[in-house]
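K.L.:
This is the structure I have questions about; it appears just below.
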Amino acid sequence: MNNRVTEILHTRYPLIQAPLYFLTNAELVAAVSNAGGLGTLGPHGGQDSLPGSRYIALDRMREEIRKIKKLTDNPFAATLINGPDMSFWRPTAEMLVEEGVEIVLINEVLNAEIYDFFKSNRIKILYRALTPTIANSKEAEKLGADIIIATGFDEGGTVPSRVIGTFSIVPMIVDSVKIPVIAAGGIGDVRGVRAAMALGAEGVFAGSLFLTARENPADEKVKRLIINSTAEDLLLFRTLPAYYRTLPTDLSSKLAELEAQGTDRETMFKVMNGYHSLWQAMRLGNFDQGVVSTGTGISVIKSVRPAAEIVSDLMQDFSGSAYQGHHK
């Protein structure tokens with residue numbers, strides 16, 4: 001099967017594991033890449049504590065990348081760390097080059113200097129907007145992105161500010177660019193993969209599903225909650241920057257109450273404990289201090305499985321003929 005995504009990434013399958021920030025580690029990333037997908041290391045991946053500075057975060061990321069390379073010979077991706085501004089992009093980018101990372105995921109940022117840096121170092125660029133639009137997709141293509149990840153409102157984490165579902169966003173973005181588009185948001189089993197491909201996507205990007213991978217460092221309570229829940233259990237509330245979706249935790253019912261009262265986004269973000277909310281609940285299992293954010297595809301997630309099993313289940317329709325293993 002000819003597939004542009006596998007040709008660009010040098011992977012067996014057109015599947016990318018989402019960079020679930022601190023809910024990734026070397027074991028998960030390597031397991032996905034060894035199984036033929038593209039494992040992606042998120043910021044603070046593999047860490048038991050949040051870093052005190054950007055330099056500490058960078059050193060830790062370097063160490064985790066080295067661990068991944070001991071566990072797999074296949075390509076994997078790392079995320080360009082986004083701070084509140086992009087003033088720190090160059091040290092991160094230079095570290096990725098030094099460590100031989102072949103694929104970078106850039107969230108949101110459209111900056112010619114950054115794209116040129118990666119292109120001149122022959123690093124492939126995955127572009128993912130928080131809220132995909134025809135305009136930002138075309139701009140990313142013009143700057144030299146290799147693949148665009150089109151994220152629908154069905155995703156977990158920080159959801160897009162426009163309420164456009166995966167089924168609607170994918171064909172819209174596919175029709176606006178010539179480079180391959182990968183579908184993200186709500187994909188929980190092979191039926192989601194087939195639907196994405198039918199809409200013109202050339203691959204899929206999965207996050208919530210890999211939260212339940214055996215190798216994922218998420219708290220075991222989180223994995224159990226996901227496999228025992230369906231999309232009907234999810235609560236959606238307004239906060240910064242747009243919305244958050246969460247499974248019921250001690251804190252989330254309080255947030256749902258405030259949402260019903262029309263509380264402003266800033267207050268909601270404060271009560272939610274900001275982004276620390278995810279670290280508290282999902283990494284440490286403190287459900288009274290955080291939220292468990294997932295996409296709407298969780299209804300079909302029924303068990304904790306090794307990452308390799310998840311990959312082969314999702315990719316059962318692909319022969320993997322483009323697979324070249326390690327290609328350096």
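The values are calculated or read from the model by the stated rules, or taken from the named source; none is laboratory data. Note that the coordinates shown come from a computational prediction; the quantities given were computed from them, not determined experimentally. Quick reminder, even Gly has a Cβ in these numbers, built from the backbone with ideal geometry, and neighbours come from all protein chains shown. Heavy atoms of the whole protein, side chains included, go into the accessibility calculation; ligands, DNA and RNA do not. Shrake-Rupley method; radii C 1.70, N 1.55, O 1.52, S 1.80 Å.
K.L.:
Just need a number here: residues in region 188-207 that are open to solvent by 20 Å² or more (accessible area, probe 1.4 Å) and not in a helix (DSSP H, G or I).
P.N.:
4
K.L.:
To continue, here is another question. So if I check each of Gly207, Gly203, Gly186, which one is in the same structural domain as Phe153 (by the TED database), of a type outside the set (Ser, Thr, Tyr) and touching a Pro at 6+ places or on another chain (Cβ under 8 Å)?
P.N.:
Just a single option satisfies the conditions, and that option is Gly203.
K.L.:
Which one of Thr92, Thr72 is in the same structural domain as Thr133 (by the TED database), open to solvent by less than 20 Å² (accessible area, probe 1.4 Å), in contact with a helix residue (DSSP H, G or I) (Cβ under 7 Å, 6 or more places away or on another chain) and more than 20 Å from Ile8 (Cβ to Cβ)?
P.N.:
Testing whether each residue is in the same structural domain as Thr133 (by the TED database), open to solvent by less than 20 Å² (accessible area, probe 1.4 Å), in contact with a helix residue (DSSP H, G or I) (Cβ under 7 Å, 6 or more places away or on another chain) and more than 20 Å from Ile8 (Cβ to Cβ) leaves just Thr92.
K.L.:
Now, a different point. When you go through Ile65, Ile56, Ile81, Ile114 one by one, which is the residue that is in a helix (DSSP H, G or I) and modelled with pLDDT under 95?
P.N.:
Only one candidate qualifies: Ile56.
K.L.:
Please count how many residues of region 255-285 are open to solvent by less than 50 Å² (accessible area, probe 1.4 Å) and closer than 21 Å to Pro51 by Cα.
P.N.:
Selection size over region 255-285: 10.
Each row is one residue, and each column tells you yes or no for (1) at pLDDT 95 or above; (2) among the small types (Gly, Ala, Ser); (3) closer than 29 Å to Ala93 by Cα.
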| site | (1), (2), (3) |
| --- | --- |
| Glu141 | yes, no, yes |
| Ala150 | yes, yes, yes |
| Asp154 | no, no, no |
| Pro180 | yes, no, yes |
| Ala183 | yes, yes, yes |
| Ala196 | yes, yes, no |
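K.L.:
Here is a further query. Pairs, please: C-beta under 6 Å, at least 6 apart or cross-chain, first residue not hydrophobic (A, V, I, L, M, F, W, C) and in region 102-123, second not in a loop (DSSP other than H, G, I, E, B)?
P.N.:
Asn107/Arg128; Tyr115/Leu143; Asn121/Val97
K.L.:
Related question: Checking Pro19 against (1) part of a helix (DSSP H, G or I); (2) of a type outside the set (Gly, Ala, Ser); (3) within 11 Å of the chain's Cα centre (by Cα): exactly one of these is not met. Which one?
P.N.:
(1)
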